[in-house]
Structures are given as C-alpha cells and as structure tokens.
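Notes follow the structure.
The values are calculated or read from the model by the stated rules, or taken from the named source; none is laboratory data. Predicted model, so just to flag it, every value in this text is computed and none were measured. Methodologically, a virtual Cβ is constructed for each residue, glycine included, from the backbone with ideal geometry; neighbour enumeration extends over all protein chains shown.
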Amino acid sequence: MLTLYHCMSARSFRPLWMLEELQAPYTLKMLPFPPRALERSYLSVNVLGTVPFLEGDGVAMTESAAMCQYLAETLDAANARGLHVKPGEPDYPAYLNWLHHGEATLTFPQTIALRYGRFEPPERRIPQAADDYTKWFLARLRAIDALLARQDFLCAGRFTGADVSVGYALMLGGFLGLVERFPPAIQAYWARLQLRDGFVRALAAQEAAAKAQGVVTRSAAQG
Ligand SMILES: N[C@@H](CCC(=O)N[C@@H](CS)C(=O)NCC(=O)O)C(=O)O
C-alpha cells in the first residue's frame, strides 16, 4: 500500500486529492510544517525534508505533479475515472503542459510570496518580493483564464490530473487572500473544483488524520 507524507494543505494535497478522486487505499502520515525543523526524523525518510513524499510498492517520489500523473496512470488502468490523458488522445500534450504548469509556473511564485510575506520572521521578510511574486502569480493566470472562459476543465473535455495540479495552486491562492483578484472564469472554475466529492473527501481526510496524529489542523499557509 502507498504511504503519503503530508502537511496540512501543502503541495502534498495534490496527491491526496488524486488518491481520493481515485478512491484508492493509502496511508496518510501527517507532519508538522516545516518537517525539516519540526520533525527531524523525517529526513531519514525524505532527505529533502519536503512534502509530499510518496512511498511503497517500489515508489519513492518527491514531486507532486509527477505523483498526480503516476497515480492516474497506475491506479486506474482502465481510466474509468478519466483522470489520465493517454498519449493517443489529442489533448495529451495539453494535459502534460497544464499538469506541470500548476507547479512550475503557478506554485513557484506563490511560495516566494508566502516565504517572504509570511513564513520568515518579521526582520527577514521582504515585502517587495512578496508583492512582486504575488503579481507574477496573478499575471501567470492569464493562460488558463483564456481557456476556462470557454470550457469547464483544462483539457480533454473532462476533469483530469491537470485540474488537480492547477486547482491546488488556486487553493494556495485562496490562502494568500487572492481569490477576489482571480479573473471571473477562474473564480467560477475554482468554485466548481471545490464542490467535487474527491476534493471534499481529501479535506476531510487530512483533518481527521491530523487530529488522530496530534498535528495542528491549521495550514501554515493560512497565516
Ligand atoms: N516541487 C515540489 C516542491 C515540494 C516542496 O517544496 N514542498 C514544500 C511544502 S508545499 C515543503 O515541503 N517545504 C518545506 C521545506 O522546504 O522545508 C513538489 O511539487 O512537490
């Protein structure tokens, strides 16, 4: 069975959401944030000290977008849930693009905004960096805005792992207080994603696991 190491609403929410969409069995190990400082023993599991870490059945992965792709491909071989877009489908290139866009283009600037606006002690904060990278993130929403103005999901005419990857960046945008600054099509898309059973179950799963494992239930990103 797969084990997912997770901090409340951190990027590890991506594979957690995927596991819930797929209704797959898994073990959820909750960690305080940042584990590198607050749970030093975790470094012997993942030398980077980051979450997510997915292990079991020959798996040892540290990248959330790659996990979305891996889980969709391997846990739903018949693709009954449609979360994976196969190489033969016309939207396969778009699928890979948006899957990686969620982390590489959208989440990257958010983490700078969070670090220099919120996580660092006050004397080390850099308001200009936080502000600039918030604007960077909002400007990078332009590409998905153009798409979502004319379709419900990012690609293939259905909900896929790419929506989980990008959806998590929007969730983090919510923690940064930016939802009102999302363009209307993205606000509507984000509202739709939050209604999904898989998303609701993932929220409940992390809450229940945190309580059971004695980890605080508030995400560090919520400030
Ligand atoms: N590119 C990686 C980034 C992983 C990452 O940096 N995770 C953050 C949480 S959102 C983390 O563990 N930060 C704690 C630290 O850097 O010590 C992914 O998409 O999974």
Subset of the stretch 11-40 [over 15 Å from Ala209 (Cβ atoms) and either near the ligand (Cβ under 7 Å from one of its atoms) or touching a helix residue (DSSP H, G or I) at 6+ places or on another chain (Cβ under 9 Å) (or both)]: Arg11, Arg14, Met18, Glu21, Leu22, Gln23, Ala24, Pro34, Arg36
For Ala139, indicate whether it is surrounded by fewer than 19 Cβ atoms within 10 Å (Cβ to Cβ), of a type in the set (Gly, Ala, Ser), within 16 Å of Thr105 (Cα to Cα) and at pLDDT 95 or above. yes
Kindly list the number of the only condition in (1) assigned to a helix (DSSP H, G or I); (2) near the ligand (Cβ under 7 Å from one of its atoms); (3) at pLDDT 95 or above that fails for Gly49. (1)
Of (1) within 10 Å of the ligand (Cβ to nearest atom); (2) free of Cβ contacts under 8 Å to residues at least 24 places away in the same chain, Ser44 satisfies all except one. Which? (1)
Which is within 12 Å of the ligand (Cβ to nearest atom), within 23 Å of His100 (Cα to Cα) and of a type in the set (Gly, Ala, Ser), of Ala60, Ala66, Ala72? Ala66
Got a number for residues in the stretch 173-216 being surrounded by 12 or more Cβ atoms within 10 Å (Cβ to Cβ), under 17 Å from the mean Cα position of the chain (by Cα) and either touching a residue at least 40 places away in the same chain (Cβ under 8 Å) or under 22 Å from Leu22 (Cβ atoms) (or both)? 20
Taking interchain pairs and intrachain pairs at least six residues apart, which have beta carbon atoms under 9 angstrom, with the first residue in the stretch 2-14 and under 11 Å from Leu28 (Cβ atoms) and among the aromatic types (Phe, Trp, Tyr) and the second part of a strand (DSSP E or B) and more than 10 Å from the ligand (Cβ to nearest atom)? Tyr5/Leu28; Tyr5/Lys29; Tyr5/Met30; Tyr5/Glu55
